[in-house]
Amino acid sequence: MRPGRGLRRARRRLRHSAAEVPLGEDVGWVALRLSSRPGACPTAMQLASLLLGVFLLCGPARGSDSSASTAITCFTRGLDLRKETEDVLCPANCPLWQFYVFGDGVYASLSSVCGAAIHRGVITNAGGAVRVQTLPGQENYPAVNANGIQSQVLSRWASSFSVTPGTNNLVLEAVGRSVSTARPATGKRPKKPLEKKAGNKDCKADIAFLIDGSYNIGQRRFNLQKNFVGKVAVMLGIGTEGPHVGVVQASEHPKIEFYLKNFTAAKEVLFAIKELGFRGGNSNTGKALKHAAQKFFSMENGARKGIPKIIVVFLDGWPSDDLEEAGIVAREFGVNVFIVSVAKPTTEELGMVQDIGFIDKAVCRNNGFFSYQMPSWFGTTKYVKPLVQKLCSHEQMLCSKTCYNSVNIGFLIDGSSSVGESNFRLMLEFISNVAKAFEISDIGSKIATVQFTYDQRTEFSFTDYTTKEKVLSAIRNIRYMSGGTATGDAISFTTRNVFGPVKDGANKNFLVILTDGQSYDDVRGPAVAAQKAGITVFSVGVAWAPLDDLKDMASEPRESHTFFTREFTGLEQMVPDVIRGICKDFLDSKQ
């Protein structure tokens with residue numbers, strides 16, 4: 001530790017001293033000379049320098065006060081601390097739902113210290129002092145729900161820690177934030193918590209790497225496989241707003257090594273992959289694929305709404321079980337299955353393969369996009385980028401596309417005088433309840449709304465809001481126009497100005513027309529033009545809306561695309577029927 005400028009200056013003065021001053025048992029005697037000239041009196045500056053030097057030399061050595069607590073943040077992890085035993089002070093009111101805690105009693109070092117302390121009951125969320133004891137790594141950290149925190153399972157980690165009540169002897173308060181003068185014994189500053197990066201926002205995907213951990217691959221090639229998966233993970237651009245990844249190991253029995261929610265930084269993922277242990281056993285890839293499709297992508301484990309779900313299956317040779325059923329299950333769960341096969345079976349080995357066409361039956365679509373071949377685990381760097389490009393091509397993730405995340409729904413709502421303010425609010429509730437059913441995001445479903453009288457007003461377009469919360473808020477804030485009824489002009493306006501910019505997009509387009517009366521202009525011609533532009537039209541009539549006009553606007557078959565209720569309060573009962581109609585049309589269009 002380098003001395004400060006004041007300490008160095010004091011020591012230079014002390015080197016010329018002629019008197020000795022006792023500084024205490026632990027420091028000894030220091031010889032002092034108050035002046036360079038015999039008989040001269042010391043100046044005030046010299047005395048001040050002397051006193052400063054004595055103070056700095058006598059003062060307690062930094063880090064020597066073992067009772068001093070270091071103030072940390074809610075998210076400081078065990079691995080961010082550098083002492084074997086350290087007293088820390090947790091702040092109050094940490095957001096419990098944001099804690100990452102792995103284990104129970106003994107916690108993996110990537111756990112939040114404060115989260116572990118609350119989980120263990122050492123402190124409450126009012127904060128407090130905690131003593132952290134560094135421990136060796138271990139396997140099988142359990143998942144336990146305690147004190148409002150659900151810890152997570154982790155198969156293995158390199159280091160651990162435990163928590164017990166600590167001492168609260170904080171020596172400095174600055175700018176409303178607790179600061180300790182204690183310094184780790186190494187003299188180095190504590191490592192800052194890993195900064196979370198947004199990641200590659202153009203590659204939004206939730207990805208499970210299903211790695212081969214069977215005797216088929218062996219320990220050496222297993223390590224090469226881990227290296228390749230690590231390179232893919234880094235190039236993906238993992239981050240809070242980018243791709244999230246987890247790992248499942250296939251062997252005799254499948255094992256989820258870590259989930260999507262466990263890590264959102266590339267360095268953490270790389271370390272976790274490096275720590276994976278080889279399990280051995282048969283290559284029951286089908287069993288592992290089915291297990292991953294059913295268990296891995298839950299919201300509790302970090303799956304995100306509207307984000308493509310992907311399983312990348314690494315297969316060295318051939319599977320020991322059937323992949324066809326597992327592929328069907330994965331598709332039913334909306335999971336896109338890729339298979340990366342390495343070292344195809346030899347002619348002699350083909351007799352051991354249950355189904356030679358297992359790849360075509362397991363992948364999302366048998367179109368060549370979802371299968372990937374590498375000759376061996378050596379020299380695989382050139383295969384990293386092409387695989388990453390596939391995984392980031394969300395438009396190609398056909399198995400993720402459902403009626404809930406792959407549609408554009410435009411609402412055309414009647415704002416004429418006959419509706420009235422209170423009934424207009426009921427119409428807005430109707431479109432809100434329909435919109436709630438869909439997974440709205442920048443790569444998922446989108447909502448737009450146009451209000452019409454004789455004039456038209458775009459309340460918001462498909463590109464204005466990309467979250468459900470913002471869409472629902474925008475609907476609530478729509479102001480009632482009041483005026484006449486020109487439905488035909490409104491359909492033409494919506495087709496041209498709202499659907500025109502997205503006509504070449506991947507989502508299927510739907511228009512829901514909501515009106516309470518007869519239009520003053522023709523509705524059939526504009527509705528037919530909208531349908532020719534690829535828009536499926538549903539007409540919803542209330543009160544005095546003529547049934548003939550409703551059917552003229554609706555797509556074929558008109559009976560299933562036309563809805564009517566006498567009272568505005570009856571709109572609520574139509575919500576499920578409209579949603580089912582949209583989903584049926586979506587599925588029919590994919591046949």
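Residues are listed down the side, and each one gets a yes or a no for (1) part of a strand (DSSP E or B); (2) under 15 Å from residue 326 (Cβ atoms); (3) modelled with pLDDT of 90 or more:
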position	(1), (2), (3)
249	yes, no, yes
253	no, yes, yes
257	yes, no, yes
260	no, no, yes
270	no, no, yes
280	no, no, no
291	no, yes, yes
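Could you list, in sequence order, the residues of segment 207-250 that are of a type in the set (D, E, K, R) and within 23 Å of the chain's Cα centre (by Cα)? Reasoning before the result, please.
Our first condition is that a residue be of a type in the set (D, E, K, R); within segment 207-250, this holds for 212, 220-221, 226, 231, 241.
Within segment 207-250, 226, 231, 241 qualify.
Is one or more of the residues making up segment 283-295 within 25 Å of residue 159 (Cα to Cα), buried (at least 19 other Cβ atoms within 10 Å of the Cβ) and not basic (Lys, Arg)?
no
Mind checking which residues of segment 371-405 are farther than 27 Å from residue 446 by Cα, touching a strand residue (DSSP E or B) at 6+ places or on another chain (Cβ under 9 Å) and touching a residue at least 24 places away in the same chain (Cβ under 8 Å)? Show your work before the answer.
Quick first cut of segment 371-405, residues farther than 27 Å from residue 446 by Cα only: 371-387.
In the following step, the residues that additionally are touching a strand residue (DSSP E or B) at 6+ places or on another chain (Cβ under 9 Å) were identified as 371-377, 380, 383, 386-387.
Within segment 371-405, 371, 372, 373, 374, 375, 376, 377, 380, 383, 387 meet the criteria.
In segment 276-301, how many residues are of a type in the set (Gly, Ala, Ser) and either touching a Gly at 6+ places or on another chain (Cβ under 6 Å) or more than 21 Å from residue 226 (Cβ to Cβ) (or both)? First the steps, then the outcome.
First pass over segment 276-301, keeping only residues of a type in the set (Gly, Ala, Ser): 277, 280-281, 283, 286, 288, 292-293, 298.
Within this subset, residues satisfying the condition of being either touching a Gly at 6+ places or on another chain (Cβ under 6 Å) or more than 21 Å from residue 226 (Cβ to Cβ) (or both) are 286, 293, 298.
The total comes to 3.
State whether one or more residues within segment 554-575 are of a type in the set (A, V, I, L, M, F, W, C), assigned by TED's automatic domain parsing to the domain that holds residue 413, free of Cβ contacts under 8 Å to residues at least 40 places away in the same chain and assigned to a loop (DSSP other than H, G, I, E, B).
Within segment 554-575, the subset of a type in the set (A, V, I, L, M, F, W, C) is 554, 563-564, 568, 571, 574-575.
Now restrict to residues that are assigned by TED's automatic domain parsing to the domain that holds residue 413: 554, 563-564, 568, 571, 574-575.
Among the residues that remain, those that are also free of Cβ contacts under 8 Å to residues at least 40 places away in the same chain are: 554, 563-564.
Among the residues that remain, those that are also assigned to a loop (DSSP other than H, G, I, E, B) are: 554.
Scanning segment 554-575, I find at least one residue that is of a type in the set (A, V, I, L, M, F, W, C), assigned by TED's automatic domain parsing to the domain that holds residue 413, free of Cβ contacts under 8 Å to residues at least 40 places away in the same chain and assigned to a loop (DSSP other than H, G, I, E, B), so the answer is yes.
What residue, among those in segment 503-536 that are acidic (Asp, Glu) and more than 41 Å from the chain's Cα centre (by Cα), is nearest to residue 400 (Cα to Cα)? Break it down into steps so the answer makes sense when it comes.
The initial filter retains those residues of segment 503-536 that are acidic (Asp, Glu), namely 504, 516, 521-522.
From what is left, the residues that are more than 41 Å from the chain's Cα centre (by Cα) are 516, 521-522.
Values: 516: 37, 521: 41, 522: 40 Å.
Checked segment 503-536; the qualifying residue nearest to residue 400 (Cα to Cα) is 516.
Would you call residue 195 part of a loop (DSSP other than H, G, I, E, B), modelled with pLDDT of 50 or more and not assigned by TED's automatic domain parsing to the domain that holds residue 282? Break it down into steps so the answer makes sense when it comes.
Values: part of a loop (DSSP other than H, G, I, E, B): yes; modelled with pLDDT of 50 or more: yes; not assigned by TED's automatic domain parsing to the domain that holds residue 282: yes.
Yes.
Going through segment 401-410 one residue at a time, which ones are surrounded by fewer than 23 Cβ atoms within 10 Å (Cβ to Cβ) and not in a loop (DSSP other than H, G, I, E, B)?
Listed by number, the list holds a single entry, 408.
Within segment 537-549, restricting attention to residues that are surrounded by fewer than 20 Cβ atoms within 10 Å (Cβ to Cβ) and assigned to a helix (DSSP H, G or I), which residue is nearest to the chain's Cα centre (by Cα)?
Step one: list which residues in segment 537-549 are surrounded by fewer than 20 Cβ atoms within 10 Å (Cβ to Cβ), which gives 543-544, 546-548.
Now restrict to residues that are assigned to a helix (DSSP H, G or I): 547-548.
Values: 547: 48, 548: 49 Å.
This residue is 547.
The values are calculated or read from the model by the stated rules, or taken from the named source; none is laboratory data. The structure presented is a predicted model; accordingly, all values stated were derived computationally and were not measured. FYI the Cβ positions are ideal-geometry reconstructions off the backbone, even for glycines, and counts take in every protein chain you see.
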